[in-house]
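Participant: Okay, here's the structure, questions in a sec.
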Amino acid sequence: MAVTIYHNPNCSKSRDALRFLTASGIEPQVVLYLEEGWSHDQLIALKTASSLDWTEMLRPDASTLLKPLIIANDEVAIINYLIEHPEAVERPFVQTDKGVRLCRPLTRIIDIIDQTPESPWLTEKGKQIL
């Protein structure tokens with residue numbers, strides 16, 4: 001199974017998702033989107049495959065900032081902003097053959113992978129997931 005994680009190593013949720021995948025025996029393709037940036041096509045594909053709206057895909061501060069563009073449904077302006085500010089996209093997104101999920105909460109990852117790590121499995125902050 002091909003697995004891609006759009007990863008921010010500075011984010012504990014993203015680090016947890018990557019650890020969860022590797023503990024499950026999955027070696028994902030890691031996309032460091034803060035370094036690589038987003039493309040128009042990537043953003044549209046994530047939005048479409050995840051069935052999320054822009055408000056759900058954005059970090060809360062970015063959602064507030066872009067609210068007028070979201071209300072106006074100005075997708076071009078929103079995407080241009082996200083290309084300029086890749087950190088504004090919520091994280092982590094995980095993509096597999098079974099779909100795309102924004103893994104907040106982390107348990108959403110279970111829907112799109114074939115195996116999970118041994119229980120108990122804890123986040124780095126000590127919250128039990130399995």
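Each value in this text was obtained by applying a stated rule to the coordinates, not by laboratory testing. Quick caveat: nothing in here was measured; it's all calculated off a predicted structure. Because the Cβ atoms are built from the backbone with ideal geometry, glycine has one as well, and the counts that use them run over all protein chains shown.
Participant: By the gyration tensor of its Cα atoms, with a ≥ b ≥ c the square roots of the eigenvalues, what is the shape of the stretch 80-130: rounded for a/c under 1.5, prolate for a/b over b/c, or oblate?
Facilitator: The shape class here is oblate.
Participant: Provide, for the chain, the number of lysine pairs with alpha carbons under 25 Å apart, each pair being eight or more places apart or on different chains.
Facilitator: 7
Participant: List the residues of the stretch 62-103 whose backbone N lies under 13 Å from a point placed 7 Å from the Cα of Glu56 along the Cα-to-Cβ direction.
Facilitator: Output list for this probe position: 100-103.
Participant: Tell me which residues come under 5 Å, amide H to amide H, from Ser24 once H is placed; ignore anything under 5 positions away on its chain.
Facilitator: none
Participant: Can you put Cys11, Cys103 in order of Cβ neighbours within 10 angstrom, beginning with the fewest?
Facilitator: Cys11, Cys103
Participant: Give me the Kirkwood hydrodynamic radius of the chain in Å, from all C-alpha pairs, to one decimal place?
Facilitator: Answer for the chain: a Kirkwood hydrodynamic radius of 15.1 Å.
Participant: Given the -39500 (n - 2.57) contribution per DSSP H run of 4+ residues, what per-residue ellipticity at 222 nm results for the chain, rounded to the nearest 500 deg cm²/dmol?
Facilitator: When only DSSP H runs of four or more count, the value is -10500 deg cm²/dmol.
Participant: As I understand it, the dipole of the stretch 3-112 uses +1 on the Cβ of Lys and Arg and -1 on the Cβ of Asp and Glu, about the Cα centre. Which of Thr22, Leu34, Pro86 lies farthest toward its positive end?
Facilitator: About the Cα centre, the residue reaching furthest to the positive side is Thr22.
Participant: Continuing with this model, one more query. Quick one: among Glu56, Glu118, Glu87, which has the greatest mean-square fluctuation in a GNM of the chain with alpha-carbon springs under 10 angstrom?
Facilitator: Its mean-square fluctuation being the largest, the pick is Glu118.
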